[in-house]
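The values are calculated or read from the model by the stated rules, or taken from the named source; none is laboratory data. Every value quoted in this text rests on a predicted model; they were computed, and no experiment measured them. Because the Cβ atoms are built from the backbone with ideal geometry, glycine has one as well, and the counts that use them run over all protein chains shown. With ligands, DNA and RNA removed, areas are computed over all heavy atoms of the protein, side chains included. Shrake-Rupley method; radii C 1.70, N 1.55, O 1.52, S 1.80 Å.
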Amino acid sequence: HENLSGEQIQKYNRLIYTLSKNVSELLENLLTWSRAQRDKLVYSPQNISLRFIVERCFNLHENQAEQKQIVLENNVPSEIVIYADEEMITTVVRNLVSNAIKFTKNGGSISVSAKQTDGSVVTEISDTGIGIQKEKIKNLFKPDVNHSSIGTDGEKGTGLGLIICKDFVEKNEGEIWVD
């Protein structure tokens, strides 16, 4: 480090941070998916604040969003309460926010909103990202199709996150889709 400039040290620090964050997310996803596949993940639904879950996930991804100058907006009304397994829904929101950051260019924005309709809550995570090709959408949640893509800053994924999201949403009697 003695032969590196301050700028180079910062560059390598960011790289180490990003790589360790990616490894951590992969490990978390693999462990969660493994527990779910072995029926070791106990489904424990309760009334939970969706706004609180989104806020907690935003806090987890704050540094990653700041590095890309992405604005995170939590537009979930505080009165929205869902009956679901908190750990599973947190995993879903965390994965979807992580994907949104991965595919949003510097200076973009990500927003989470929710509305109550006919006894259910529709939650929307939207971003100003690069989007998904229409032909890839139909295979996004299929475990036998590799749909890992490179993010706007070269971030890599495993393609496992969306499979976990679908599984956990369905375990909580919900639906997940992409527009």
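From the list ILE101, ILE137, the lone residue that is surrounded by 13 or more Cβ atoms within 10 Å (Cβ to Cβ) and over 25 Å from ASN13 (Cα atoms) is ILE137.
The set of residues in segment 65-85 being open to solvent by 40 Å² or more (accessible area, probe 1.4 Å) and acidic (Asp, Glu) consists of GLU66, GLU73, GLU79.
Residue pairs whose Cβ atoms lie under 7 Å apart, separated by 6 or more positions or on different chains, with the first residue in segment 160-176 and under 20 Å from ILE48 (Cα atoms) and the second charged (D, E, K, R) and in a loop (DSSP other than H, G, I, E, B), are VAL169/GLU175.
Can we say LEU50 is modelled with pLDDT under 80 and surrounded by 11 or more Cβ atoms within 10 Å (Cβ to Cβ)? No, not satisfied.
Residues LEU15, LEU30: which one is open to solvent by 80 Å² or more (accessible area, probe 1.4 Å), out of contact with any helix residue (DSSP H, G or I) (no Cβ under 8 Å at 6 or more places or on another chain) and in a helix (DSSP H, G or I)?
Working: LEU30 fails: open to solvent by 80 Å² or more (accessible area, probe 1.4 Å).
When all the criteria are applied, what remains is LEU15.
Show me the strands (runs of 3 or more DSSP E) entirely contained within segment 44-89 in which 1 or more residues are over 29 Å from LYS105 (Cβ atoms). The qualifying strands (runs of 3 or more DSSP E) are 45-49, 81-85.
So, of the residues in segment 123-162 that are polar (S, T, N, Q) and part of a loop (DSSP other than H, G, I, E, B), which turns out to be modelled with the highest pLDDT?
So in segment 123-162, the residues polar (S, T, N, Q) come out as 123, 126, 128, 133, 139, 146, 148-149, 152, 158.
Next, only the ones that are part of a loop (DSSP other than H, G, I, E, B) stay: 128, 133, 139, 146, 148-149, 152, 158.
Working: THR128: 95, GLN133: 78, ASN139: 76, ASN146: 60, SER148: 65, SER149: 70, THR152: 72, THR158: 62.
Ranking the candidates gives THR128 first.
The set of residues from segment 107-134 being polar (S, T, N, Q), open to solvent by 80 Å² or more (accessible area, probe 1.4 Å) and under 22 Å from ILE89 (Cβ atoms) comprises just one member, GLN116.
Contact map, segment 1-13: first residue at pLDDT 80 or above, second residue of a type in the set (Ser, Thr, Tyr) and open to solvent by 100 Å² or more (accessible area, probe 1.4 Å), Cβ cut-off under 8 Å, separation 6 or more or different chains; pairs are LEU4/TYR12.
Out of curiosity, is GLU62 modelled with pLDDT under 90, surrounded by fewer than 13 Cβ atoms within 10 Å (Cβ to Cβ) and acidic (Asp, Glu)?
Details: modelled with pLDDT under 90: yes; surrounded by fewer than 13 Cβ atoms within 10 Å (Cβ to Cβ): yes; acidic (Asp, Glu): yes.
Answer is yes for this residue.
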